[in-house]
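Data block below; observations after.
The values are calculated or read from the model by the stated rules, or taken from the named source; none is laboratory data. What you are looking at is a predicted structure, and each value in this text was computed from that prediction instead of being measured. Ideal geometry is used to build each Cβ from the backbone, glycine not excepted, and the neighbour counts take in all protein chains shown.
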Amino acid sequence: MVFGAVALVASLAACGGGGGGSSTPGSNVIPTAGPATNNGNLISSDVFKLQYTGVKSVNDVYTYGSGPLGSPSPNPPSTAIYAVQSTVQAALNAAPSTVPVTGPYLDVNSTELDSSNLASQEFVTDAWVQSSSSGGALEYGTQLMQPLSAEQPNTLTAYVDPVTGKANPQQLDQLPETSGASWTNEPAATISQSFADGHSVKRFVYADGTYVDNDSIPLPTGGVAYAIIQENSDGSGSYTAPFAGGNVSSVSVSAPALPTPVPTGTPNPITTPQVTVTLKLAGFYASILGPTISAQFTPFYVYTPKPVFYSETDAVNTAGSFPAGCANSYGASGLELVRKIATLDTVLGYVETTEFDAYAAAGYPVCVVSSDVINYAYDYAGDTVGGLGGFLFGQLGGRITTTSQTLVLQPGATGVYPSSTTRQPSSVGGAPPIASSVFAGIESATLQTYAVRRNAIIRAYALSTHSLPNGGGK
């Protein structure tokens, strides 16, 4: 198969600079032409490389004290600011066998370094993408590694429907790009995580956004602890784990339903559907309180006609206005790709909204702005004063984590790119246009960093030292 070539070797003559693949600071460099080849299914060439810089902010606000059974002393808000450096390039890491891509494809590697006064985090992500006759960039899988952290897992996401076994590639662009064009994706995937200490996680995400999560955690004293989360399509589910040192063995959450009828004349009867939360007790707790305790709460989510666990909208705007930092270098407007994702978790008790706004000038990816908000109604940490078994089940606003990030293309892009400059549909297989591919790499990396932060909170619920027997876990 023969691919057209798009330039990524920086043209410095127009900037008054020298040769090679670099440029003077502040110059507006758009790459020029060069040849490309492919080798088997994994496309190989003189790889392209683009550098981005930007800023990330992470803000946490705690209002647990406002919940019906909340702590009277919520933690103060906190904000962390990171300087971000991101390198996006074509790499030669073949997709694992579980990633369902066939025919020529491209490995887009993103290495992101987030630095603050207190700490640095590095995220290395591979996204395996392929062109489609109608989809621009189709992403079949991703892999995340965090070289600076021995405690964080390697995460492999394969976009395969766990029920049908069919590939579920994520469409990230639509060609030719016309304003108003739109599409959506389903989240079906299989996600595997492996930790250095032997801890492993397997998550099956279904087409409607519900999931089953299986954790296997080796204990320092020997043996293995297990944590299983299951979310059902009616909103019910369970979280089984050795909470509170093994004194709470599981938490079950019902679907919204009207309470059991109460006798006529009962003062202030509940007449709206409620969620019943039941804790299965063991050990000391069971000896004092019995085998279970339960309570009813007003659902924190919309449940009629049925809960919506995942929704996504993607759209094209060919005359999008660039953000200020982007406009300084690459003009004031150009192509804008918008991706919005909303997620509901009725078991862990949160809603999450994510948005990407990716901008291109002359067919090249010049700026990506992203935001993510996780709004928690539940807290499984086991330290909420007055909560049900120490847990909090209430309404949204218990904890809100807001992350925002802006990345801007820097001068000095190098290499070649095996695709077409026309940004028209290509034959199936091979590399999508550069903007689509690079946006896929950046979005994949960013989504993974959001998941890392979210999963760290989730894991802390059941896997912290106060939860696992004998003081084990993370």
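Within the stretch 330-352, is there a residue that is crowded, with 21+ Cβ neighbours inside 10 Å, at pLDDT below 90 and not aliphatic (A, V, I, L, M)? Taking every residue of the stretch 330-352 in turn, at least one turns out to be crowded, with 21+ Cβ neighbours inside 10 Å, at pLDDT below 90 and not aliphatic (A, V, I, L, M). Scanning the stretch 230-237 finds one or more residues that are part of a loop (DSSP other than H, G, I, E, B), among the acidic types (Asp, Glu) and at negative phi.
Per the listing 353, 406, the residue uniquely among the polar types (S, T, N, Q), within 19 Å of the chain's Cα centre (by Cα) and more than 30 Å from residue 243 (Cβ to Cβ) is 406.
Can you give me the number of residues within the stretch 85-143 that are touching a Gly at 6+ places or on another chain (Cβ under 8 Å), surrounded by 23 or more Cβ atoms within 10 Å (Cβ to Cβ), of a type outside the set (A, V, I, L, M, F, W, C) and at pLDDT 90 or above? Matching residues across the stretch 85-143 total 3. Between 270, 217, 228, 191, the distinction of being surrounded by fewer than 16 Cβ atoms within 10 Å (Cβ to Cβ) and under 26 Å from the mean Cα position of the chain (by Cα) belongs to 228 only. Would it be correct to say that residue 236 is hydroxyl-bearing (Ser, Thr, Tyr), surrounded by 18 or more Cβ atoms within 10 Å (Cβ to Cβ) and within 24 Å of residue 308 (Cα to Cα)? Yes: the conditions hold for residue 236.
Cβ separations smaller than 8 Å between residues 6+ apart or across chains give the following pairs from the stretch 421-450 residues that are over 14 Å from residue 366 (Cα atoms) and hydrophobic (A, V, I, L, M, F, W, C) to residues that are part of a helix (DSSP H, G or I) and at pLDDT 80 or above: 431/437.
Residue count for the stretch 194-214 satisfying the condition of being under 18 Å from the mean Cα position of the chain (by Cα) and either in contact (Cβ under 8 Å) with a residue 24 or more places away in the chain or not in a strand (DSSP E or B) (or both): 9. Screening residue 381 against (1) assigned to a strand (DSSP E or B); (2) touching a residue at least 24 places away in the same chain (Cβ under 8 Å) leaves a single unmet condition, (1).
Here the condition is being under 23 Å from residue 203 (Cα atoms), assigned to a helix (DSSP H, G or I) and modelled with pLDDT under 60; of 445, 462, it holds for 462 alone. Residues in the stretch 384-418 that are modelled with pLDDT of 90 or more, among the polar types (S, T, N, Q) and not in a loop (DSSP other than H, G, I, E, B): 401, 402, 403, 404, 405, 406.
Across the stretch 239-266, the qualifying residues are those that are part of a loop (DSSP other than H, G, I, E, B) and surrounded by 15 or more Cβ atoms within 10 Å (Cβ to Cβ), and the one among them that is modelled with the lowest pLDDT is 247.
Going by what's in this entry, would residue 151 be described as crowded, with 17+ Cβ neighbours inside 10 Å and at negative phi?
On the way: crowded, with 17+ Cβ neighbours inside 10 Å: no; at negative phi: yes.
So residue 151 fails the test.
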